[in-house]
Structure formats: structure tokens, C-alpha cells
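The values are calculated or read from the model by the stated rules, or taken from the named source; none is laboratory data. Quick caveat, the model's predicted, so the values are computed rather than measured. So basically every Cβ, Gly included, is an ideal-geometry build from the backbone, and we count neighbours across all protein chains shown.
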Amino acid sequence: MSYSAPRGKENITPHPYGTNTQMHKLMGFPFTMFCKGCGYGSIAQAICRVFKEENLQEELFPFIVNIGCYSSMPTVLPGKTFMTLHGRGIAVATGVKMANPKLKPISIHGDGDLLSIGTNHFLHGARRNVDMIVILLNNNIYGMTGGQLAPTTPMGSKTSTTPYRYGEEPIDAVELAKVSGATYIARWNTSTIRDFMKSFKKALHHKGFSFIEIVSQCPTQFGHKNNLPKALDGFNFIKNNSIRINKAKDMSPEELKGKYIIGEHLDIDRPTLWDRKSQIIEKLKD
Amino acid sequence: MNKDEILKRSVYTGTHLLEGNVAMAEGCIAAGCRFFAGYPITPQSEVPEHMAKRLPEVGGVFMQMEDEIASISAVVGATLTGKKAMSSTSGPGFALMQETLSWANLIEMPLVVANVQRVGPGSGVVSLPTHGDITQIKRGGNGEYEVIAIAPNSCQELFDLSIVAFNLAEIWRVPTFILSDAWLGHMREKVVIPEPEEIKKRIVPRPEYIPAENETEGRPQIYTTANKDFTEFNIPAFPPLGSKHFPYWWISLTHSQISGMITETPSVADNTNMTINYKISKNEAKISIVKRYQLDDAEIAIITYGTPSRSALEAVNECRKEGIKVGLLRLVTVWPIAETAIREVAEKVKQIIVPEMNLGQIAEQIERFAFHTDGQRIPVHRVSHTAILHTPKEIIDKIKEIIQ
């Protein structure tokens, strides 16, 4: 079997960081399957850049990818990828980390994936302080299945399953991570990609459960139904609804309702799961 | 700790009085299990309890996860990273695992799950035995797949066959199941555990991935391939996660068996399903283990597995004393169904009795093969209970009833 670039894309100059992706290494060209205007491509690019800048050994930082819009992201990710079932990434990563403590799994999740079907694993992964990174790509909707209500969809939004704009109170993943016991927590959006890169670098060197949420626009599913049809509309909607954490400190809960508080929320040190497990194994050696 | 020290520690040599669940846990550790993830559920809770105590001694990791879904997911993760790993559960927990087990079958993960069955449906009766999960083991998940399941009938066998279960998982690269039940798990019997050197000879280690031998066009060959008629199978070793040779995108979707890549081509998806199914079902004669007893001149055959085979053995001995020609075929491996052995027995006998702790889940399978060579159908009688272990008398009464 031989591969060539998709039809009509033979003469496109590859993206400077495209050469870092696995797809490029394997097939000679990078491509994404994301919709037009989706923010996930830029997030993947940021991850590629961090991998290149940090000069990481790709096999030691495996990506655990679950099921969601971002499932096709491995085509533009820089490392080895293991795809699991819907929402089970953190449980799988716990097994991976315990079987080979040298690895640092990076589990990539969507909002439905992490906050709906896989919430249980998220809480307990953070509680155990498994030495891993969880990246939440939050597009506020179930994109791949056709735009249904997600646990993060803002109150009163129109989705495929809320045609009368009946809404449910959305969940705040950062607060959830805090009470569960994560040791590094940050939230960014697609307009603060450089900050996301800094956070991601920090998380790579952080020992413990790191959680980074990144809010992205979804013009195809969320935008079209909620009067934000262009990529820039969604981008600006998120940007205007985001408040830096140092500003948010002086604001009342009423003012903060429905806003994304972006920034670094927590950075502490606590013994990880492997620290405790290895202590026991060492103790029992003699 | 060096390898010899670990081996020595992993084998609990000697003659002991062990509970069934503990004997099984010891068997798994001796077989090389170094990762266990589980969730407490009666009647299997002694397995995680014993694993929590023993695994750190041999450098292994015990995890009590948040639920059975997480347990089996962690086991898949650990297996993929190169450890021999297992989980254990009972009926309701086993139902929760099905989604992941279906996936583990698709990606051919050599893991082991012990199901200490309890009466169902629903929450059931926690302390009574059953074999109600027999069909669920193979038909519980989405899609179609074939598994290997082993049914021990004593504490000694729970130890010995646990090693066999791990070996079969490695040889055929398939999730393998140990079928215990509430009574077997809580029974205490004499268990003789041999020297570590003796155990070492019995263990099949995880095959090492050698790039030069396992590559197709420069990419790792991670899945089983078969010839056109599905008669010959090449089951490759897989590169563990964390090694340089791990493929760049190991997917959980239906894939091409050759490239490992996502497919939407009907013929390729068809080939994948056929390969993972026929890998087991067409090699049934090589995989299945049966025990034959007094079958040479038998006119009536008892075919059974697991705990009821103890009552059946007693019934055969009693009947033989009275001059009734009865024999016993014990299915040590329940799945894949031992077609060759059952056909061979069916050709010689006039009637078959199947005592089961369910309403005939294996009897249905046996009916498929219960024919003489001339095509004449032979009757398959069921002695069914769902929560009671058969007494030998009950089986003897049935035998006397059918010969009249």
C-alpha cells in the first residue's frame, strides 16, 4: 500500500509544525478532519510546538485519546496515541502509569467524554493524584453526534435535544477538579493559545494530576444553532465571556455567572499514586 | 530484587488448606500476574483482598478502582503496557465490564478476568452459586467475538487452571475467563503448590516484540492475520506502550488487520471480524481441554463443567456399581465449545444428560452436535437448577428415569 496526499491538496505547503506530526512522518503530509473554523486544529498545533520546543521523547509521553470530535486529532498530534472507549481514558491511563511508571500519559478529553460519561474516572484520577495530564477540549456541545446538549452547554442555548432552549445548569470542570484533588489546574480558551502552551509545558514538568481546560468555538454545531455561525463569532463570544482570574477575584458571583474564568487556578505539590505504591514495594523488598 | 527472588516469592510452595478465591489469586500470581484492578463485590472480595497483600511483595501493583468499568479499563491499559494483568468480579460487575471486554477482544488483548458467579438476575443472591453468566461471557458485549473460558471444579484446580488461563491468553492473544462460583470460591480444600522451578516450566511468558519479524511495510504488525480460508493464523507479539515501536495511532475502532488503520470498507471490516472469531472457533480442537471418564463402553454420557461435575462424577461411580453404563465428559474449557470431543462422544452413546446450574445454556450448544454418524438425533436431557448444586442422587434418578 502506498499513500499520497488527499486529492486537491498535493501542492499545499505543509505547516511549519506539520512536519512534527505522526501523520507527516508516516505518510508525508499532515491533514486534519476538523470542520472549518474549529479551534481544535490550533490546539493540536500548540501541542506539536511544545513537543518540539521541549524536545520530548515521544514514546514516554503517550497520548490517550477517547471518543469525541477530537478523536481524529492523532493525525496532527506529535506522539504515540492509544485510542480508548468513550470516557475511559483516565482509567486506562491509571493502568498504563502503574504498569510503567516512566511514562507520563496525556489523556485528551471532550466535554461529554470527561464531564458526562467519564466523570467518575475524572474524580478518582484526581483524588488518587495519578501522575498524568488531562486536557479537556470544551466546545460546549456534542459535535460529532450532531449537536446535542452537553454538560457544559450554556444555560438557554439551542441544541438538537433542546429545541425549545430548555437548559440545564452547566458544570464547571475547574471547580470539579479542585474539589477532587487535582494538583495543577488551568483554564484557557482559543484566544489564549500561548498561555495554554505555557501551562502545558508546566504540566509536563509537574508531578501529579494536571488538568487543563481549553474552551473552543464550534461554528458547525454550536454556532449555527445559536447565532454564531462564523468561526470568529464563536471565537469572540468565548473571548468576551472570559475573565482573567486576577480580575475575577474582585467580582461578585452574579457578575461571574456564565463567564469563563481563565488562568492558572491551582499549582500545589502532593505525593502521587506511584509515590505511595512504590514506597510499599520498596518496603517489602527485604 | 532479582528475577529468581521474585519467582520464589510469587510461588507459595507447600501443602495448604486454602479458600477457593485465595487459591485462584495464588495461581494468578504464580502465572506472572503483576497488575490487578478490581472492585469489591461478594462473593469474590477475597481475591482483591489477597491480591492487595501479595502483589506488592512481588513488585506488582494492586488497584482498587472506582467501579468495574474502570477496573477492566485499567487492566487493558496495563496489559498494553506489557504487564500480565487481571481483574475479578461477580455477575453484576461482569455486566458492567462488557463494553470494555468487547473492545479488548477487538484489539486482541491477552488479559484474564475471573468471574465468581452469583445468582442473578439483578442483584440476585450474593452467596449462592450459579452458572448463569455462561452465555454473557461470550455474547455479553456489542459485536461478535469468541473467548476462552475455563471452569475449574476444586481449589486445587483453581490454582492450576489459573496458570493455564494466563497461558491460553498469551498463546491466542484473547481475553480469557476463569469461571468460578460462590460455593467454589468460598470452599476450603487442600491445595498442593509445587516448587518455583516446577511452576516456571508451566508458564508461557509474554512474547517479545521483535521489529524485524513483526513488520509489514515498515509498520508494526499488531494484529492477527489469516489466510483466505481462515485455516492458518499468524498471531504476532505486540509492541508495548512506551516502546519505540508502538504504532503512532492504535485505534479502538474496527481496523484493517494488516495496517491497523481505521476502515469503512465493508470487506475489510468483515475480514477483521472473521479473523478474531475464527482464530478461536476454528482452532477449537487445539484450545479446548476435556476430561473423559468411563466413556469407552458408555451408553449414557453426562456432559458437564464446573462444580456440577463433582456431583456427576459421584453419580457415574454409583451407577457403575449398579451396572448401568454411564460415562462422564467434563468440559474444562467451556468456551470455545469442545465440538470435536462432544461429537466423538455423541457418536457412541444413546442419550446425553447435561446437569447445569442454569437452564441449559451449554445444553443448547451440545444439542447442535448430538447426532449419530447416520444423522440420527440423540436426546439431550437437562438437569437444571439456577441456584442449587445438584446432588449425585438427583443425577442418578434422572439416569434411571431415562433408561426405562
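Among residues belonging to region B:322-346 that are closer than 25 Å to B:Y278 by Cα and among the charged types (D, E, K, R), point out the one that is nearest to the chain's Cα centre (by Cα). Lay out the reasoning, then the answer.
Taking region B:322-346 as the starting set, the residues that turn out to be closer than 25 Å to B:Y278 by Cα are B:329-346.
Those still in the list that are among the charged types (D, E, K, R) too: B:330, B:339, B:343-344.
Values: B:R330: 15, B:E339: 16, B:R343: 21, B:E344: 23 Å.
Looking at residues that are closer than 25 Å to B:Y278 by Cα and among the charged types (D, E, K, R), I get B:R330.
Checking A:I238 against (1) over 15 Å from the mean Cα position of the chain (by Cα); (2) within 28 Å of A:L56 (Cβ to Cβ); (3) crowded, with 16+ Cβ neighbours inside 10 Å; (4) of a type in the set (A, V, I, L, M), only one condition comes out false. Which one?
Every condition holds for A:I238 apart from (2).
Looking at B:G218, is it without any contact (Cβ under 8 Å) to a residue 12 or more places away in the chain and within 11 Å of chain A (Cβ to nearest Cβ)? Steps first, please.
Working: without any contact (Cβ under 8 Å) to a residue 12 or more places away in the chain: yes; within 11 Å of chain A (Cβ to nearest Cβ): yes.
For B:G218, the condition - without any contact (Cβ under 8 Å) to a residue 12 or more places away in the chain and within 11 Å of chain A (Cβ to nearest Cβ) - is met.
Within the group A:L149, A:L176, which residue is over 19 Å from A:P219 (Cβ atoms), surrounded by fewer than 23 Cβ atoms within 10 Å (Cβ to Cβ) and touching a residue at least 12 places away in the same chain (Cβ under 8 Å)? Steps first, answer last, please.
On the way: A:L149 fails: over 19 Å from A:P219 (Cβ atoms).
Only one candidate passes the filter, namely A:L176.
When you look at B:G93, is it buried (at least 22 other Cβ atoms within 10 Å of the Cβ), more than 7 Å from every other protein chain (Cβ to nearest Cβ), of a type outside the set (A, V, I, L, M, F, W, C) and closer than 17 Å to B:R9 by Cα, yes or no?
No; evaluated as a whole, the condition is false for this residue.
Tell me, which strands (runs of 3 or more DSSP E) lie completely within region B:12-76 with 1 or more residues that are more than 20 Å from the chain's Cα centre (by Cα) and surrounded by fewer than 20 Cβ atoms within 10 Å (Cβ to Cβ)? So that I can check it myself, show each step before the final result.
Values: elements: B:14-19, B:35-38, B:61-64.
Counting at least 1 such residues, we get B:14-19, B:61-64.
Taking the conditions exactly as written (among the polar types (S, T, N, Q), assigned to a loop (DSSP other than H, G, I, E, B) and touching a Gly at 6+ places or on another chain (Cβ under 7 Å)), does B:Q98 satisfy them or not?
Working: among the polar types (S, T, N, Q): yes; assigned to a loop (DSSP other than H, G, I, E, B): no; touching a Gly at 6+ places or on another chain (Cβ under 7 Å): yes.
No; evaluated as a whole, the condition is false for this residue.
For the condition within 30 Å of B:I258 (Cβ to Cβ) and modelled with pLDDT under 95, what is the one hit in B:G82, B:G124?
That would be B:G82, the only listed residue that is within 30 Å of B:I258 (Cβ to Cβ) and modelled with pLDDT under 95.
How do the pairs read when you match residues in region A:260-286 that are within 30 Å of B:N2 (Cβ to Cβ) with residues anywhere that are surrounded by fewer than 18 Cβ atoms within 10 Å (Cβ to Cβ) and among the small types (G, A, S), using Cβ under 8 Å and keeping only pairs 6 or more apart or on different chains?
From residues that are within 30 Å of B:N2 (Cβ to Cβ), the pairs are A:I281/B:G59.
What strands (runs of 3 or more DSSP E) lie completely within region A:178-286 and have 3 or more residues being away from chain B (no Cβ under 14 Å) and among the aliphatic types (A, V, I, L, M)? If you could, list the steps in order and put the result at the bottom.
On the way: elements: A:184-189, A:209-215, A:242-244, A:260-267.
It comes to A:209-215, A:260-267.
Within region A:47-74, restricting attention to residues that are closer than 27 Å to A:N140 by Cα and touching a Lys or Arg at 6+ places or on another chain (Cβ under 8 Å), which residue is surrounded by the fewest Cβ atoms within 10 Å (Cβ to Cβ)?
Only one residue tops the list, namely A:V50.
For region B:237-270, give me each residue that is more than 7 Å from chain A (Cβ to nearest Cβ), over 18 Å from B:E217 (Cβ atoms), touching a strand residue (DSSP E or B) at 6+ places or on another chain (Cβ under 9 Å) and touching a residue at least 40 places away in the same chain (Cβ under 8 Å).
B:T254
Scan region B:294-324 for residues that are surrounded by fewer than 20 Cβ atoms within 10 Å (Cβ to Cβ) and touching a Ser or Thr at 6+ places or on another chain (Cβ under 8 Å) and jot them down.
Matches in region B:294-324: B:R310 only.
With A:I185, A:I212, A:I280, A:I268 as the choices, which residue is touching a Pro at 6+ places or on another chain (Cβ under 8 Å) and either modelled with pLDDT of 95 or more or surrounded by fewer than 16 Cβ atoms within 10 Å (Cβ to Cβ) (or both)? Quick ask: steps written out before the conclusion?
On the way: A:I185 fails: touching a Pro at 6+ places or on another chain (Cβ under 8 Å); A:I212 fails: touching a Pro at 6+ places or on another chain (Cβ under 8 Å); A:I268 fails: touching a Pro at 6+ places or on another chain (Cβ under 8 Å).
Just a single option satisfies the conditions, and that option is A:I280.
If I filter region A:52-101 down to residues being within 7 Å of chain B (Cβ to nearest Cβ) and in a loop (DSSP other than H, G, I, E, B), which single residue comes out as farthest from the chain's Cα centre (by Cα)?
A:N100
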